[in-house]
1. Quick one: is Ala83 within 16 Å of the ligand (Cβ to nearest atom) and modelled with pLDDT of 95 or more?
2. For region 93-135, how many residues meet the condition of being hydrophobic (A, V, I, L, M, F, W, C), assigned to a helix (DSSP H, G or I), open to solvent by less than 70 Å² (accessible area, probe 1.4 Å) and more than 10 Å from the ligand (Cβ to nearest atom)?
3. Would you check if Lys39 is on the phi > 0 side of the Ramachandran plot and exposed (fewer than 15 other Cβ atoms within 10 Å of the Cβ)?
4. Which pairs do you get when a residue that is among the hydroxyl-bearing types (Ser, Thr, Tyr), found in region 2-13, comes within reach of a residue that is open to solvent by 50 Å² or more (accessible area, probe 1.4 Å), reach meaning Cβ atoms under 8 angstrom, with the pair 6+ apart or on two chains?
5. Yes or no: region 22-33 includes at least one residue that is touching a Leu at 6+ places or on another chain (Cβ under 9 Å), more than 19 Å from Gly130 (Cβ to Cβ) and within 16 Å of the ligand (Cβ to nearest atom).
Amino acid sequence: MKLFIINGPNLNMLGLREPDIYGRQDYAALCSFIERTCKEAEIEFQIFQSNHEGELVDIIQSAYKNADGIVINPAAYTHTSVAILDALKAVNLPAVEVHLSDISKREDFRQISYAGMACIKTVKGLGFEGYRQAILFLKSYLNKEKVQS
Ligand code: CA2
């Protein structure tokens, strides 16, 4: 089982500002957390981060035939990008949306998630732990799918 973990714009700046919203740990700490989670769960993984919408679309497309599922935090593109929504629909892989913060309790412009429309689950407001829940959810979802097919 292989998962692509995809992070959007500015997540590489974690820890530098807005610690009350996103925490004090930096992006390297997030990557270590994801790595530890996947290794413990015996899941193959690749982590990506890009600040560019088209590059995120390319990464999602490259998941086709190369991954079994996607964990994605599209960051600000969550609320604007039909291109990312279409890419997720195009590859038709089970995807889980993650947000460090609880976007439902924030500004009006964060209330819409385009990417979420192509995801089987959203985890929000749990910080790094949200990635662990998303990874473990996909693991059990994919294992169930395997039994049924
Ligand atoms: O809560 C999340 O994970 C978000 O996806 C994070 C995005 C935000 O635009 C979404 O609405 C919710 C922001 C990514 C990181 O932004 C930073 C801002 C200041 C300092 C460091 C990172």
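The values are calculated or read from the model by the stated rules, or taken from the named source; none is laboratory data. All values reported here derive from a predicted model rather than from experimental measurement. Neighbour counts run over all protein chains shown; Cβ positions are idealised from the backbone, glycine included. When the accessible area is computed, the model is the full protein with side chains, heavy atoms only, and any ligands, DNA or RNA have been set aside. Shrake-Rupley method; radii C 1.70, N 1.55, O 1.52, S 1.80 Å.
1. No.
2. Residues meeting the conditions: 3.
3. no
4. none
5. no
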